[in-house]
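Chemist: This structure is in structure tokens; I'll ask about it shortly.
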């Protein structure tokens, strides 16, 4: 049972030096980052080309307590903006071996949206990556370009076969 | 037959760090400011610390220190991670409550420690406060060179007794951001209180306790978390006898059942601290509580305790049977042990979101599909790959299949549900949802999952399966965008969920 919240006034600072910070806050909350594929909605918040500078900052942040959230938001936004500067940021992010493979995959996919040509080049480089997940996505990207038929990855069963039950996770 | 009660667990708890998902203190050392003991502790040897200090005395800035380290000064991987040598290593190292507690209805303060390798002309610190009855934001500007910031709040923004959470963010003028979460249990300034909550709940807010039907034993269990808070400077000793009452229609309505139990063991509430316990009620057939639960009627539980100095405290909470659904959590591909733990912490978080709207989980079953078995579907590149995964795998029960994949490489999406609502049979390619596991690398260099993102993300996709559509309201669970999503489920949405075919009363 949820009670009716009490109204307490916030304390906010109005200072023109905070313009970039306010824009960052708007991107965090109103752009919203990666989204649910149901309805395929994205980009309800209008980004500006000048936002690339903030998005670059977000993509490079190394605060582990943020849990990769700024990076995912930045990659989604950079994919929307689709500028040369966006592509540069995404190339760096996709190649960052310190980052979680899931984040690198997100950056590669965003890069592919910004520039399929650069996406292909990056995928060629990442096709030899140490991480299997990154390698797999790089191979799939190359295959989509009709290049480098990658070592075939096993497909899962089709509708004609009976469904399988995953095994119980003992951990 | 009558309801019986007993204490299941008790502990003394510091009022600061109340939630178990507070941010850890972040060990990040600014080499331009740290003293020798701090550098020695980090670098592990006095010689390197001396070297670092001598560089600093010669006026070496961040770039010069970076360059020197890059030119071969041997540092361990741990030291490199903890030495703030790069501009991007902007962080909040700690958030402290100066007195060690926050009193209800009184001004309060936080101290925020910043680590910033860059001399930013100013920082903005924002604190998003959530208490049991309100949420608001307090902002503070920080001048150049200040690294410990005191955020002070006046009496008009005093907090009520109970849990409160501070989500602290610090910004540089270039827009870069660092975050930290600190939680407290706000102590009574009057100065003794008793609060009740559902056992196991972690979020801040008020909601109901659950009457849980134990099928094999044919009885209802009601588990409550009890918090006795002492805002005084002296310890308080409690009388061991605790009185309980179940009311129909609120306190003072019809008394359903009552009794007492003994609060054994430690009964001292420490000064400026809390004593916590779990109390379980067991209601067999024939008891008034069993009958009310069986008829799906709400009740109010009241607990009354006394201090040996004669003061009496009491707390109440609504209790009810809840509708419930089950989930099969299916890991697709490899998860590290830390990622595994984070995944189930996220599932707990999802349960809390639904329980705040009186819907619970009837079970969580754990499954795994290995990398070899999953093949290309460890990463979902497209809707067709998602459909492939669902066509190939399912768990034959009436729980919702939740596939947690290594990553979504499908546009900038991170989750999908095949149909709204999902089917009631495990056939075809719409009988499950999929989410990106939302990984990152933590301060120790380990792969982790972001539970703050993943819990609501699973809850969102499951919400589709239960029949919920997208909304555009910020802070609602069914907002399609991750950054705009929050825990709110509306009453209308609750009614939609309630009609889903796999919901059962638990």
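Quick note: the coordinates plus some simple rules give every number you see, no bench work behind them. In this text the structure is predicted, and so the values were computed from the model without any measurement. Every residue, glycine among them, receives a Cβ derived from its backbone with ideal geometry; neighbour counts consider all protein chains shown.
Chemist: Restricting everything to alpha-carbon atoms, can you work out Rg to Rh for segment A:1-153 with a Kirkwood hydrodynamic radius? Each step should come with its number before you reach the end.
Modeler: Details: Rg = 18.1 Å, Rh = 17.0 Å.
Ratio value, two decimals: 1.07.
Chemist: Is segment B:362-423 rounded, prolate or oblate when judged by the Cα gyration tensor, a ≥ b ≥ c being the square roots of its eigenvalues, rounded requiring a/c under 1.5 and prolate requiring a/b larger than b/c?
Modeler: oblate
Chemist: Given springs between every Cα pair under 10 Å in a Gaussian network model of chain A, which of A:101, A:34, A:64 has the largest fluctuation?
Modeler: A:64
Chemist: Hey, what angle do you get for helix A:69-81 against the long axis of chain A, alpha-carbon based, 0 to 90 degrees rounded to 10?
Modeler: Roughly 80 degrees, rounded to the nearest 10.
Chemist: Could you check what % of the DSSP bridge pairs in segment B:323-505 are antiparallel, to the nearest 5? Mind showing how you got there, number by number?
Modeler: Working: 8 of 31 bridges.
Roughly 25 percent of the DSSP beta bridges within segment B:323-505 come out antiparallel.
Chemist: Further question on the same structure: Where both residues lie in the protein assembly as shown, what percent of DSSP beta bridges are antiparallel, nearest 5? Intermediate results must be reported in sequence, preceding the final value.
Modeler: On the way: 104 of 136 bridges.
DSSP beta bridges in the protein assembly as shown are roughly 75 percent antiparallel.
Chemist: Separate question: Take the alpha carbon gyration tensor of segment B:130-173, find the square roots of its eigenvalues, order them as a ≥ b ≥ c, and report rounded if a/c is under 1.5; if not, report prolate when a/b exceeds b/c, else oblate.
Modeler: Details: a/c = 2.79, a/b = 2.18, b/c = 1.28.
Note, shape of segment B:130-173 comes out prolate.
Chemist: At q = 0.23 Å⁻¹, what base-10 log of I(q)/I(0) does the Debye formula yield for segment B:149-267 when every alpha carbon is treated as an equal point scatterer in vacuo?
Modeler: The Debye formula, applied to the Cα set alone, gives -1.50.
Chemist: Another one. Using a 10 Å cut-off around each Cβ, can you sort B:490, A:46, B:104, B:472 from fewest to most neighbouring Cβ atoms? Write out the running numbers ahead of the final one.
Modeler: Numbers: B:490 16, A:46 9, B:104 21, B:472 12.
So the ranking, lowest neighbour count to highest, is A:46, B:472, B:490, B:104.
Chemist: Further question: With just the Cα atoms defining each centre, how far is segment B:311-345 from segment B:445-467? Give it in Å.
Modeler: Cα centroid to Cα centroid, the span is 12 Å.
Chemist: While we're here: Ignore the peptide's own chain and count Cβ atoms of other chains within 10 Å of each Cβ in B:433-446; give me the average, rounded. Kindly include the intermediate steps, with their values, before the conclusion.
Modeler: On the way: counts 2, 1, 1, 5, 2, 8, 11, 12, 10, 5, 4, 1, 2, 1.
Rounded to a whole number, the mean comes out at 5.
Chemist: Test of understanding: in a Gaussian network model of chain A with alpha carbons linked when under 10 Å, which of A:20, A:105, A:57 would top the mean-square fluctuation ranking?
Modeler: A:20
Chemist: Hey, what's the Cα Rg ratio for the protein assembly as shown versus the globular rule of thumb, 2.2 N^0.38 Å? Don't skip to the answer; put the middle values down first.
Modeler: Working: Rg = 26.7 Å, N = 677, 2.2 N^0.38 = 26.2 Å.
Expressed relative to 2.2 N^0.38 Å, the Cα Rg reads 1.02.
Chemist: If you rank B:497, B:458 by fewest surrounding Cβ atoms within 10 Å, what's the result?
Modeler: Details: B:497 23, B:458 26.
Least to most surrounded, the residues fall as B:497, B:458.
Chemist: Measure nothing fancy, just the Cα-based angle from helix A:101-114's long axis to the longest principal axis of chain A, in degrees from 0 to 90, nearest 10.
Modeler: That works out to roughly 90 degrees.
Chemist: For chain B, taking Cα atoms only, what is the radius of gyration to one decimal and the Dmax to the nearest whole Å?
Modeler: Answer for chain B, Rg first and Dmax second: 26.0, 83 Å.
Chemist: Only bridges with both residues in chain B count here: give the DSSP antiparallel percent, nearest 5. All intermediate terms of the calculation are to be shown ahead of the outcome.
Modeler: Details: 101 of 128 bridges.
Given both bridge residues lie in chain B, the antiparallel proportion sits at roughly 80 percent.
Chemist: Work out the mean other chain Cβ neighbour count within 10 Å for the residues of B:320-332 and drop it here as an integer. All intermediate terms of the calculation are to be shown ahead of the outcome.
Modeler: On the way: counts 1, 0, 0, 0, 0, 0, 0, 0, 2, 1, 3, 3, 1.
Mean number of neighbouring Cβ atoms from other chains: 1.
Chemist: Express the relative contact order of chain B as a whole percentage, based on alpha carbon pairs under 8 Å and six or more residues apart in sequence.
Modeler: Numbers: 1157 pairs, mean separation 63.2, N = 506.
Relative contact order of chain B: 12 percent.
Chemist: Compute the angle between helix A:132-144 and the longest alpha-carbon principal axis of chain A, please, reported from 0 to 90 degrees and rounded to the nearest 10.
Modeler: Tilt of helix A:132-144: around 80 degrees.
Chemist: Then there's this: Over chain A, calculate the relative contact order: mean separation of alpha carbon pairs under 8 Å at least 6 apart, over the residue count, as a percent.
Modeler: Values: 156 pairs, mean separation 21.6, N = 171.
Result for chain A is 13 percent.
Chemist: Counting partner chain Cβ atoms within 10 Å of every residue's Cβ in A:103-111, what's the average?
Modeler: Details: counts 5, 2, 8, 7, 0, 2, 9, 3, 0.
Mean shielding by partner chains, rounded to a whole number: 4.
Chemist: Run the simple label-point estimate for residue B:444 and residue A:167 please: 7 Å along Cα→C-beta, distance reported in nm.
Modeler: 2.8 nm
Chemist: Another question, if that's okay. On alpha-carbon atoms, Rg over Rh for segment B:91-186 using Kirkwood Rh? Walk me through the numbers before you get to the answer.
Modeler: Details: Rg = 13.3 Å, Rh = 13.6 Å.
My calculation puts Rg/Rh at 0.98.
Chemist: Any idea how far the Cα center of segment B:368-401 sits from the one of segment B:242-292, in Å?
Modeler: 46 Å
Chemist: Apply the a/c threshold of 1.5 to the C-alpha gyration tensor of segment B:246-363 and tell me whether it is rounded, prolate or oblate. It would help to have the intermediate numbers written out before the result.
Modeler: Details: a/c = 2.81, a/b = 1.42, b/c = 1.98.
Because a/c hits 1.5 or more and a/b fails to exceed b/c, segment B:246-363 counts as oblate.
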